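Some notes on the structure that comes next.
The values are calculated or read from the model by the stated rules, or taken from the named source; none is laboratory data. Since the model is a prediction, treat every value here as computed from it, not as a measurement. Backbone-built Cβ (ideal geometry, glycine too); neighbour counts: all protein chains shown. Surface accessibility is based on the protein's heavy atoms, side chains included, excluding ligands, DNA and RNA. Shrake-Rupley method; radii C 1.70, N 1.55, O 1.52, S 1.80 Å.
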Amino acid sequence: MQNPPVVVERAAQPYAAIRETVTMDTFPVVADRLAEVSDWLAVHGTEPAGAPFFRYGVIDMERGMEVEAGVPVAGPPQGAGGEAAADAGEVFTGTLPAGRYLTVTHIGHPDELLGVTAGLLEWAAARGMEWDMVKADVVEEWGCRLEIYKTDPREEPDMSKWETELAFRLADPGPQR
């Protein structure tokens with residue numbers, strides 16, 4: 001990791017997204033659909049309120065991952081009907097949960113994020129931090145695990161210069177004693 005991780009409080013964040021089940025090899029299936037989310041927001045008269053992201057809900061490296069390609073918004077889009085679950089491939093709205101997140105910023109090609117992610121997970125484990133995540137066998141179900149793409153590829157086509165923030169929600173520390 002180029003920078004040390006930082007714990008930040010994040011407020012709840014409304015968003016619109018498309019959900020797909022993909023593998024590492026088929027990840028472009030969901031990544032390529034970010035434009036559809038942006039188009040959907042335009043049709044509903046809603047401006048993005050931040051950088052696009054990928055949210056990892058379920059990670060099973062053997063069978064596939066449930067990933068959302070999303071865009072934050074200031075509030076529910078007009079005529080969108082509020083928060084809703086969606087069939088795979090359809091745009092839906094939701095809210096990223098508030099809470100404490102461990103974050104790290106990476107400057108470099110997205111192909112390097114696997115190593116950055118491993119470094120973040122190791123860093124947290126060495127400090128006894130616990131994730132908002134449930135693990136059963138090899139399947140991880142995350143409360144909120146984000147890759148936020150802060151660089152607009154139209155402005156910076158060189159992927160080795162892209163800025164990506166990883167933000168993984170930490171478990172609730174429970175009542176203070």
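Details
- Scanning the stretch 51-79 for residues that are in a loop (DSSP other than H, G, I, E, B) and under 20 Å from Asp32 (Cβ atoms) returns Ala51, Pro52.
- Yes/no for Glu83 being touching a Phe, Trp or Tyr at 6+ places or on another chain (Cβ under 9 Å) and at pLDDT below 90: yes
- Filter result for Leu96 (at pLDDT 95 or above, under 24 Å from Glu20 (Cβ atoms) and buried (at least 16 other Cβ atoms within 10 Å of the Cβ)): yes
- A Cβ distance below 7 Å, combined with a sequence gap of six or more or placement on separate chains, defines the contacts here; from the stretch 125-140, residues that are more than 20 Å from Pro173 (Cβ to Cβ) reach residues that are assigned to a loop (DSSP other than H, G, I, E, B) and of a type outside the set (Lys, Arg) in the pairs Val138/Met61; Val138/Glu62.
- Within the option set Thr21, Thr26, Thr46, being over 24 Å from His106 (Cα atoms), of a type in the set (Ser, Thr, Tyr) and out of contact with any Phe, Trp or Tyr (no Cβ under 9 Å at 6 or more places or on another chain) holds for one residue only, Thr21.
- In the set (1) within 21 Å of Arg10 (Cβ to Cβ); (2) at pLDDT 90 or above; (3) open to solvent by 60 Å² or more (accessible area, probe 1.4 Å), the condition left unmet by Pro76 is number (2).
- Pick from the stretch 141-154, criterion open to solvent by 40 Å² or more (accessible area, probe 1.4 Å) and modelled with pLDDT of 95 or more, ranking: nearest to Val8 (Cα to Cα): Lys150
- Breaking point among (1) open to solvent by 40 Å² or more (accessible area, probe 1.4 Å); (2) in contact with a Pro (Cβ under 9 Å, 6 or more places away or on another chain); (3) farther than 25 Å from Asp111 by Cα, for Pro52: (3)
- Put simply, of Thr93, Thr105 the only residue that is touching a residue at least 24 places away in the same chain (Cβ under 8 Å), within 24 Å of Ser38 (Cβ to Cβ) and in contact with a Gly (Cβ under 7 Å, 6 or more places away or on another chain) is Thr93.
- The condition of being aliphatic (A, V, I, L, M), under 16 Å from the mean Cα position of the chain (by Cα) and modelled with pLDDT of 95 or more holds for Val71.
- Selection from the stretch 1-32 of residues that are in a loop (DSSP other than H, G, I, E, B) and either aliphatic (A, V, I, L, M) or modelled with pLDDT under 95 (or both): Met1, Gln2, Asn3, Pro4, Ala11, Ala12, Thr23, Met24, Asp25, Thr26, Phe27, Asp32
- One residue alone among Thr46, Thr23 is surrounded by fewer than 18 Cβ atoms within 10 Å (Cβ to Cβ) and without any contact (Cβ under 8 Å) to a residue 60 or more places away in the chain, and that residue is Thr23.
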